[in-house]
Structure formats: structure tokens, C-alpha cells
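Visitor: Shown below is the structure under consideration.
What follows is calculated from the coordinates using simple rules that are stated; it is not laboratory data. Since the model is a prediction, treat every value here as computed from it, not as a measurement. Counting neighbours? That spans all protein chains shown, and the Cβs are built from the backbone with ideal geometry, glycine included.
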Amino acid sequence: MTRRSRLLGALSAATLSDAAKAQQHAQSAKAFKLLRAHTIMGFPATPEWGGNQGMAGWSFIGLEHKAAFQPPFGFYDGEAK
Amino acid sequence: MIRYKPSDVVDFVVIGSGAAGGVVAKELSTAGFSVVVLEQGPYVREKDFTHDEFGVVSRHAISNDPKLQPGTFRAKASEPAKVEQRYIYGRLVGGGSVHFTANYWRFHPDDFRERSIFGGIPGSSFADWPVSYDELEPYYTKAEWDLGISGLAGANPFEGPRSKPYPLPPLPVKSSGVLFERAAKKLGLHPFPAPMAVLSQPYRGRGACVHCGWCESFGCEMRAKSSTLASVIPMAEKTGRCEIRSGAYVRRIQSDDAGRVTGAVYFDSARREVFQRSRAVVLSANGVESARLLLMSASKRFPNGLANSSGMVGKNFMWDLGGQVSGLFDHPLNEYKSVQVSRVIHDYYAADPKRGFYGGAGIDARFNWYPITFGLDGLPTDAPKWGADYKKMLGHYFTHTFSTLAHVTSLPVETNMVDLDPSVKDAWGLPVPRITFQLHPDDVKNASWIEQRQKEIMEAAGATQIWSCYPPDDLGVSAHLMGTMRMGNDPARSVVNRFNRAHDVPNLFIVDGSSLVTSARQQPTATIQALAYRAAEAAANAAKKGDL
């Protein structure tokens, strides 16, 4: 999709007035922002929402999906014990 | 649970079941009074709480939904207000006490007399409180023991005297706490274990925290977070005198020609109007909603809104102001586990005139990001926003980052206010709250000064990269709704008296964040609840003497 928005940008440069170009740029920036937000939301949202298949999003960021943990939680609190 | 009929004249109607309303309901019902609590949100049981970030954080499962209940915002009265979500509250039985971070700081003795200590501030309605820390201390203690607070008495050298230690020891320190504590000590500061409204050990039939990590913004399925839902509301119900009526969205507090309140009119879940009669009303709907409700309850006797002869209803709204400085570390911290906060400093809490401005902060070490919010906004501001480099950073930073959050002062300013929007309506056809808010110049100076202190701490902690996310460029969404019905001795300058009783209406108490005179250093829940215990005692005593 990012290649597509760049392509749209190139097309607009060839055919539109400056004001229209500025407007289109703002709209595509807004659309991109929304697209980015939705993509990021889908990636680590609970799998019930349809993304994060096999908890791939959580595994990628290093989140171990468990209902309970015991200390030490990380390196530094482990080291301090 | 007992069910009252709307035609029954109960002793008290309590509007809102959150941090304050839950406490008041328990205190009044155990003192022998009949109580109906009207809560607009649903009665969600612990087994129904989830770890679903998209549902809870993005889609407002347990908080106010701006699609149904929008609000409007403007910086100045001369500007048109736009529909923007600027405030959040818990919309379920237990209110914000269900989803809060659970930081449970007592205000300092000087918070209550800071105007006298520091002096007046141009452009601010800064004032002393009509109560002192010493008067409030027994009620802080009562709250800590009734609700279940974990902490270490005496560890915060800046705290006022306390009559009892915490009922429970502190929660385990996290990697953020270890790094923060080392850094703070290196700088000569005084870190202490965070006082938290989360059980470190089983307490009064409730289980201890299992460190799942889904704490701030979420409801606790273990009943380990000491919300009013988990702690005092079951006690209230057990008396057989208190009904928690959920799905009851109050639209008006009714008053008579004698200037007394007679009950509350609400929409039930089928949107039918119901009038619940009562001898007295306690309004605990939060600093925005309580102000809105008083303004919506205008009558012939109270043309400017109920309890508003002073014109001060809605004025002096204070913002939930805070700024975050984050750092990256070499080894994994796994901050997504356990409660958000484990260490705090109050070294910069007191205001110092030598700095050239008023202000101060409490700073905690925390990680209040979840996978989605971190993916959206957690990385350094100059990091790539998409693509392979973004993804690579996300994979590394989520487990290797912690933040310090400074909870900073928000000065009371009379023109910062909540009133009724003249045109925008909610899904029930009621006028929505309009917020007018601008930071006082000292708030801005203080925030930038504190940001530098946070950076020093992150440097001393050995962060390999440091970045900040700070107002005033973006005020964000306020969760601490303070100051709109200020407490005071002068009925011309305040809305409630020193026992949270409305100056104008003898049988109306207003008990929530609205009565706070100053913002202290945020984290208002302990003080709201201490005031709630005190106000409930005053209401019960007045009722018993026939003086209500």
C-alpha cells in the first residue's frame, strides 16, 4: 500500500494544480495515518479480532502470553535478588 | 441484593459508584441507612474482565464511549468548541477505581496550605484547603485498611505523619524499579516502593496479584486491584440496605421550592425516565459529569444550576497533567509483566520559589504501554513509523524500554471550566459537557523543568537512548477530573463546605474529584476516598441528628 500511495503522489504531481496537490497530499497523509493505525492494531490485538494469528504479533515483540507471572520479571530485578 | 421501588423514599441516592460513590454507599448502608446507587454503566463481574486491548482501550468497553457521549473542547472562550474526546472515566460499577493504575499516594501536609506557604500566583485562583492533613489523616488510614493498599510506611521521607502502617507489604520490584532506584540514589534522591491499591498478599477474602500485567485501563479478574467493585461495594450489598442499580443514567437532580433535593431522574436501560425519591442525594459522578449534572438540574429556585449561587460550578477545572521520558536498556526488562509502577520519588514534589515559578512533581518508574499503544506511540519520536526498520525496532524496544512519568501540578484557573455545550447532544439528547482549558504559564515552565530531571534520572540509570513524550504541545485526554466544585469556607467562592456538603442545598453532598482545591501532584484517588469516608460520616451524623 505504501508503494501505491507513492504512485498516487506521482500521478497528482503530473496532473493537478498546487492547491489540489496540497489537498490530496493532506488526504493521503490522513488516509495513511489511519491505515498505519489499523495495521498496527491488528498485529498484536487478541487473535479473536482476526489478526495476530497463532499469537505471531505477541511473539514478535517478545510478549509471553500467560495469565500469571512470578518475579523476577526481567534481567535487572533478577540480578538484584 | 435488595430492590427498592422508585416510589420508596430511600434515605440516600448516590449518583455514581466509583472511587467516592462506592465508599459513600458502603459507609452509609453499614451505618443503617437505605441507599440506592445509580450507576450509568453496566454491572460487570470479575469473570467478565478480559485482556483484550483492542476492546478495552481502543473501543472503550469499560469507559465512556465518545460516540455515544461526546464532549467538546476549546482552549479559550473566544474560540468555537470542537467535538473532541478530552476526558475519560470508568463507565461501570466501580467507575474509575476499576481501571486506574492504582497509584495510591497521600497528599502531603503542605498541599492543604500551599497558598499560605507559596503565596498568591497571578492568573490563578490558588487557595488553601479548608481541611488540613491532620484532619484527613484518620480517613486516609481508614481507606488504606478498608480497601487494601500495599506499601511501606516510612519509606517516603516526604510523607506526612501516619497513624498506622499499610495493611500489606509492597508489591515486588520490577526491572524499571531497580534501575530507577539505583539512578535516584546515585543522584542523592529518595526512591520508595510505590503505594498501590493492589493486593500483594491475600486480604479479606480476596486473592493477591498474579502479575498478569493487564492492570492500568483494565478490570482485574482476580479481585486483586482494590477497586470499590472488589472491596467496599460487596460490603454495602451485604448490609441488605444498599441497591446498586446499574444502567441508570441520571439526567437531573430534582429539587423543590424549599431548595432541597428530593431525588434523581434517570434514564433506565430501555431509556425510560424514572424518578427515584430520596431524603438526600450524594453526587459522585466525577469532576466533569457532576458539574454537568448540576448545570442540567437548574430550576426556578436555582436558575444557574443546582447549588450554583456562587457561579463556581464547573470552574477551576484542573488537568491530569503528566509527561513521560522513556529509556532503552541493554537487557530485557519485560515491563509488560505485573503492575505498572513499583518505585516512586517525591524529591521534586514541593514547590520552590527559587525556581522562578510554582510547581512540582512526583515521578514514578513505569511501563504503561500495551502492545497496540506501544506500536502506535511507544517508539522514540524520530523512529521510523512504518516499514522494515520500524518493525525491527518494535521487536526490540517493547521488552527493553521503561518510562518515567512525572505527575505535575495543574494550577486552578477560574476560566478553565466545564459547562454545557449549547448545541452538541449525546445519544440521549442531553447537552454534552464543554471543556474550556488552557495551561497556566507556570504549569508549562514546571513541566519543562521536571522533564530535565527525568532525563537526568534516565541518564544515571544507564539508558542507551532517551526520548520524551511531553505536553504542552498535546494535552491529551484527562483521567483525573478535578476541581469543578471547589471546597471552601466562603459560599461566594466555593460550592461545597469542608465536609463536602453543598453550601446552597442542605441535603446535597458532592463527593468526588470535583471538590479538590488544588491538583497536588495528581494521583488524587487516595484523597478523593479519604474525603469520601469523611463526608459519609458527616452525612450520617447529620441524618441521625435530623439535620439533613
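Visitor: List every residue whose amide H lies under 5 Å from the amide H of B:ARG91, counting only residues 5 or more places away in sequence or on a different chain, with H placed 1.01 Å from N in the peptide plane.
Guide: B:SER63, B:ASN64
Visitor: Could I ask something else about it? Roughly how many debye, to the nearest 20, is the charge dipole of the range A:13-81 about its Cα centre, given +1 on each Lys and Arg Cβ, -1 on each Asp and Glu Cβ, and no other charges?
Guide: In debye, rounded to 20, the range A:13-81 gives about 280.
Visitor: Mind jotting down the distance between the C-alpha centroids of the range B:318-376 and the range B:236-299, whole Å?
Guide: That distance is 37 Å.
Visitor: Also: Between B:GLN85 and B:SER132, what length in nm is gained on full extension when 0.36 nm per residue of separation is reduced by their alpha carbon distance?
Guide: 13.4 nm
Visitor: Let me ask you something else. Could you compute Rg(Cα) / (2.2 N^0.38 Å) for the range B:442-525, with N its residue count?
Guide: 1.57
Visitor: Test of the criteria: in the range B:221-298, which chymotrypsin sites (Phe, Trp or Tyr not before Pro) are in a DSSP loop and have at most 12 other Cβ atoms within 10 angstrom of their Cβ?
Guide: none
Visitor: Mind checking the mean number of beta-carbon atoms from other chains within 10 Å of the Cβ atoms in B:374-387?
Guide: Across the residues of B:374-387, the mean count of other-chain Cβ atoms within 10 Å is 2.
Visitor: Using a cut-off of 16 Å between alpha-carbon atoms, which lysines can reach B:LYS26, once sequence neighbours fewer than 8 places away in the same chain are excluded?
Guide: Within reach: B:LYS142, B:LYS238.
Visitor: Please give, to one decimal in nm, the separation of the simple spin-label points placed at B:ALA77 and B:LYS164, each 7 Å out from Cα toward the Cβ.
Guide: 4.7 nm
Visitor: Treating the Cα atoms of the range B:366-461 as identical point scatterers in vacuum, please give the log10 of the normalised Debye intensity I(q)/I(0) at q = 0.19, 0.23 Å⁻¹, two decimals.
Guide: The Cα Debye sum returns log10 ratios of -0.97, -1.10.
Visitor: Would you mind getting me the FRET efficiency between B:ASP382 and A:LYS66? Use the beta-carbon distance for r and R0 = 45 Å, nearest 0.05.
Guide: 0.85
Visitor: Sorted by mean Cβ packing within 10 Å, highest first, what order do the peptides B:438-445, B:105-112 take?
Guide: With the highest mean Cβ count within 10 Å placed first, the list reads B:105-112, B:438-445.
Visitor: To the nearest whole percent, what portion of all C-alpha pairs in chain B is separated by more than 32 angstrom?
Guide: 40 percent
Visitor: Using Cα centres only, tell me the gap between the range B:58-92 and the range A:49-63 in whole Å.
Guide: Each part's Cα centre sits 31 Å from the other's.
Visitor: I'd like the mean, over residues of A:58-70, of how many other protein chain beta carbons sit within 10 Å of each residue's own Cβ.
Guide: So the per-residue partner count for this stretch is 6.
Visitor: Could you work out the per residue convex hull volume over the alpha carbons of the range B:342-410, in cubic angstrom?
Guide: Spread over its residues, the Cα hull of the range B:342-410 gives 119 Å³ apiece.
Visitor: For the pair B:ILE117/B:ARG59, report the inter-label distance in nm, with labels modelled 7 Å from Cα in the Cβ direction.
Guide: With each label point 7 Å from Cα toward Cβ, the separation is 4.7 nm.
Visitor: Then there is this: Grab the eigenvalues of the alpha-carbon gyration tensor for the protein assembly as shown, scale each by 5, take roots, and send me the semi-axes largest first in whole angstrom.
Guide: The equivalent ellipsoid of the protein assembly as shown has semi-axes of 38, 29, 26 Å.
Visitor: Then there's this: Two decimals, Cα atoms only, Kirkwood Rh: what is Rg/Rh over the range B:223-274?
Guide: My calculation of the ratio gives 1.12.
Visitor: Right, something else. Take every DSSP beta bridge with both residues inside the protein assembly as shown and express the antiparallel ones as a percent of the total, to the nearest 5.
Guide: Within the protein assembly as shown, antiparallel bridges account for around 70 percent of the total.
Visitor: A further question on this structure: Note the full-extension length gain between B:ASP352 and B:VAL274 as 0.36 nm times their separation in residues minus their Cα-Cα distance, in nm to one decimal.
Guide: 22.8 nm
Visitor: Return the Rg/Rh ratio of the range B:62-220 with Cα-based radii and a Kirkwood Rh.
Guide: Radius of gyration relative to Kirkwood radius: 1.03.
Visitor: While we're on this one: Can you give me the orientation-averaged projected area of the convex hull built on the Cα atoms of the range B:23-118, in nm²?
Guide: The number I arrive at for the range B:23-118 is 11.1 nm².
Visitor: Now for a separate question. Rounded to the nearest 0.05, what FRET efficiency do B:ASN304 and B:ARG3 have when you use their Cβ-Cβ distance and R0 = 41 Å?
Guide: So, using R0 = 41 Å, E works out to roughly 0.70.
Visitor: Using the 10 angstrom Cβ neighbour count as an exposure proxy, how do B:MET1, B:MET485, B:MET222 rank, fewest first?
Guide: B:MET1, B:MET222, B:MET485
Visitor: Oh, and also: Once the piece of chain linking B:ASP547 and B:ALA153 is laid out straight, how much longer is it, given 0.36 nm per residue of separation minus the C-alpha distance between them?
Guide: Taking 0.36 nm per residue and subtracting the Cα distance, the gain is 138.0 nm.
Visitor: With 10 angstrom as the radius, rank B:CYS242, B:CYS469 by how many other C-beta atoms surround their C-beta, starting from the fewest.
Guide: B:CYS469, B:CYS242
Visitor: A further question on this structure: Quick one: check the C-alpha center-to-center distance for the range B:170-217 versus the range B:477-548, whole angstrom.
Guide: 30 Å
Visitor: Which value, in debye to the nearest 20, describes the size of the charge dipole of the protein assembly as shown about its Cα centre when Lys and Arg Cβ atoms bear +1, Asp and Glu Cβ atoms bear -1, and nothing else is charged?
Guide: Roughly 940 debye for the protein assembly as shown.
Visitor: Convex hull volume of the Cα atoms in the range B:168-304, per residue, in Å³?
Guide: Taking the convex hull of the Cα positions in the range B:168-304, it is 186 Å³ per residue.
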